[in-house]
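Right, one structure below, let's go through it.
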Amino acid sequence: MGSSGSRSAQKFCSRFLPEEQAEIDRLFDALSSEAPSSDASTRCFSLKALKSHVGEALPPAMVTRLYDGMRGVDLTGKAKGPSDSVSQEQFMVSMSHLLKGNSEEKSLVILKMISATEGPVKAREVQKFTEDLVGSVVHVLNYRQELRGWTQKRGSGPPARVQELAAQLFSEMDLQGITTIHFPLSTALAASRGEKLPGPQQLDCECDRATIEAWVFRAPHVATFLSVVIHRGFLLLHSSLDLATLVPERHVEQEREFESVLDVLSVIYVNSHLRREQRGRWRLLFSSELHGHSFAQLCGRITHRGPCVLLLEDHDGQVFGGFASCSWEVKPQFQGDDTCFLFSISPHMAVYTSTGYNDHYMYLNHGQQTIPNGLGMGGQHNYFGLWIDVDFGKGHSKAQPKCTTYNSPQLSAQEDFGFEKMEVWAVGDASGLQQAKSGKSILDMDPEAQALLEISGRSCHSEGLRDIPEDQ
């Protein structure tokens, strides 16, 4: 087994637990086994050795980037440029920086992964790195069969969701400090908010190490995704990465065949904005594909089920939705709290949180003569940030210029939109609010009948006579 050799390597060894250090040493031994030198202090590995070890677990471009990041580590502080191969010290320092380091340390390696040359990098190079990183996450999770029930959207050319999530991450880069020379501040602010990508001229601006460091700090997904790539790509320190909080387990009743509007990347993005205890599992409550185009069915399946995520795909292909932080109830008042939010998935990813302007977070009503009947989030009556009409299949997203509750823009392609696909997912573990699955009541087997009773204001008198489920 190789030894750390120098004070520099020993310094970073201390960041790993003994069993972790032994695992890292074994990986280096495997990578450097083909090196001609037998001297532990001079052993190293080549790009060919790294690609051979990783195999098809990672895209070749990402393997090359990781290699460039490792060999670009400067152990002397004299900035001699990248070495011809990766030494044990460089390997140890790069693993320490990427897996245990702060934003400054991570940015040192990331900068070399973006470009092997010295000095600042172009914004377009950062953009390409981000796309490669996001694509590598999907690739390695799929290769290791760790998508946890979700799928990867397929199609010709680069996957759209890869580009959408990469664009969201790239938009977190604070370009304000370099806008005075390169492009107008208004454009930079729009980009930093994820409203649109910089144009070709803006992508030519230069980003120095401080810019990259600030970006890594502002966009924690960058470091998280790099950890996934290393842990799962190298099969290194498997126990130290908890995928359960990154990719929720997908549950669909009776394992029915069902292709969600969501793919693994959009789930990762939305899931990251939930509380930690809500991220482990998503359970399908309602799907228009499985349960029909019925507002009563929707109400029957989502009420009293705890926090949930709802989403739609409109007739123009745009995907958007909202997070309800508490159980839906059929009543004429607004409900929810300031942890609710609206979001967009396609054509771009963004989350819109509470402004504090009002408390119109959630609304679900039916059977009223004087106020709207349907499901809404944000805004006000007849002018919701997101609205699903009781006439199922119709809705609106109104924002002139933004929704007052969530500061969200128009989420749909058309202000008044039609849709075929709608889904609602309960998040986190099943709670006491979830209805019993004993099947003792006919209402359990017919959510529409239950919803109609609730909508009409008539209570379910047998509700209190249920047997207590065994799993509660």
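The values are calculated or read from the model by the stated rules, or taken from the named source; none is laboratory data. None of these values were measured; they are calculated from a predicted model. As a convention, Cβ positions derive from the backbone with ideal geometry for all residues, glycine included, and neighbour counts pool all protein chains shown. Keep in mind that these areas ignore ligands, DNA and RNA; they rest on the heavy atoms of the full protein, side chains included. Shrake-Rupley method; radii C 1.70, N 1.55, O 1.52, S 1.80 Å.
Looking at the stretch 257-335, the strands (runs of 3 or more DSSP E) lying wholly inside it that each contain 1 or more residues that are among the aromatic types (Phe, Trp, Tyr) sit at 281-287, 319-324, 331-335. Condition first: at pLDDT 95 or above and open to solvent by 10 Å² or more (accessible area, probe 1.4 Å). Now tell me which residues in the stretch 378-388 satisfy that. Of everything in the stretch 378-388, just one residue is at pLDDT 95 or above and open to solvent by 10 Å² or more (accessible area, probe 1.4 Å), namely Trp387. Scanning the stretch 227-240 for residues that are open to solvent by 30 Å² or more (accessible area, probe 1.4 Å) and in contact with a Leu (Cβ under 9 Å, 6 or more places away or on another chain) gives Leu235, Ser240.
Just checking, does the stretch 257-267 include any residue being open to solvent by 10 Å² or more (accessible area, probe 1.4 Å), within 26 Å of Val351 (Cα to Cα) and aliphatic (A, V, I, L, M)? The answer is no, given that none of the residues of the stretch 257-267 is open to solvent by 10 Å² or more (accessible area, probe 1.4 Å), within 26 Å of Val351 (Cα to Cα) and aliphatic (A, V, I, L, M).
When the residues of the stretch 243-279 are filtered to those that are polar (S, T, N, Q) and at negative phi, the one that is farthest from the chain's Cα centre (by Cα) is Ser260. Quickly run through the stretch 91-108 and pick out the residues that are free of Cβ contacts under 8 Å to residues at least 60 places away in the same chain and buried (at least 24 other Cβ atoms within 10 Å of the Cβ). Answer for the stretch 91-108, where residues must be free of Cβ contacts under 8 Å to residues at least 60 places away in the same chain and buried (at least 24 other Cβ atoms within 10 Å of the Cβ): just Ser94.
From the list Leu226, Leu189, exactly one residue is assigned to a helix (DSSP H, G or I), among the hydrophobic types (A, V, I, L, M, F, W, C) and at pLDDT 90 or above. Which is it? Please lay out each step first, then the result.
Working: Leu189 fails: at pLDDT 90 or above.
After ruling out the rest, the residue left standing is Leu226.
May I ask you to list the residues in the stretch 340-371 that are farther than 19 Å from Lys402 by Cβ, in a strand (DSSP E or B) and open to solvent by 10 Å² or more (accessible area, probe 1.4 Å)? Residue satisfying the conditions is Ser346 alone. Screening the stretch 62-90 for residues that are at pLDDT 95 or above and out of contact with any helix residue (DSSP H, G or I) (no Cβ under 6 Å at 6 or more places or on another chain) and picking the one that is least open to solvent (accessible area, probe 1.4 Å) gives Leu66. Among the numbered conditions (1) closer than 17 Å to Glu172 by Cα; (2) in contact with a Lys or Arg (Cβ under 9 Å, 6 or more places away or on another chain), the only one that Val270 does not meet is (2). On the stretch given as the stretch 109-124, residues that are assigned to a helix (DSSP H, G or I) and either without any contact (Cβ under 8 Å) to a residue 40 or more places away in the chain or open to solvent by less than 10 Å² (accessible area, probe 1.4 Å) (or both) total 4. Does Asp337 count as out of contact with any strand residue (DSSP E or B) (no Cβ under 6 Å at 6 or more places or on another chain) and either crowded, with 20+ Cβ neighbours inside 10 Å or on the phi < 0 side of the Ramachandran plot (or both)? Answer is yes for this residue. Pro36 - would you say it is at pLDDT below 90, touching an Asp or Glu at 6+ places or on another chain (Cβ under 7 Å) and not in a helix (DSSP H, G or I)? Taking the combined requirement at face value, the residue does not satisfy it.
Count of the stretch 400-421 residues, restricted to those that are open to solvent by 10 Å² or more (accessible area, probe 1.4 Å) and over 19 Å from Ser287 (Cβ atoms), is 11.
The number of residues in the stretch 205-226 that are surrounded by fewer than 17 Cβ atoms within 10 Å (Cβ to Cβ) and within 24 Å of Glu56 (Cβ to Cβ) comes to 1. Only one of the listed residues (Leu312, Leu290) is free of Cβ contacts under 8 Å to residues at least 60 places away in the same chain and of a type in the set (A, V, I, L, M). That residue is Leu290.
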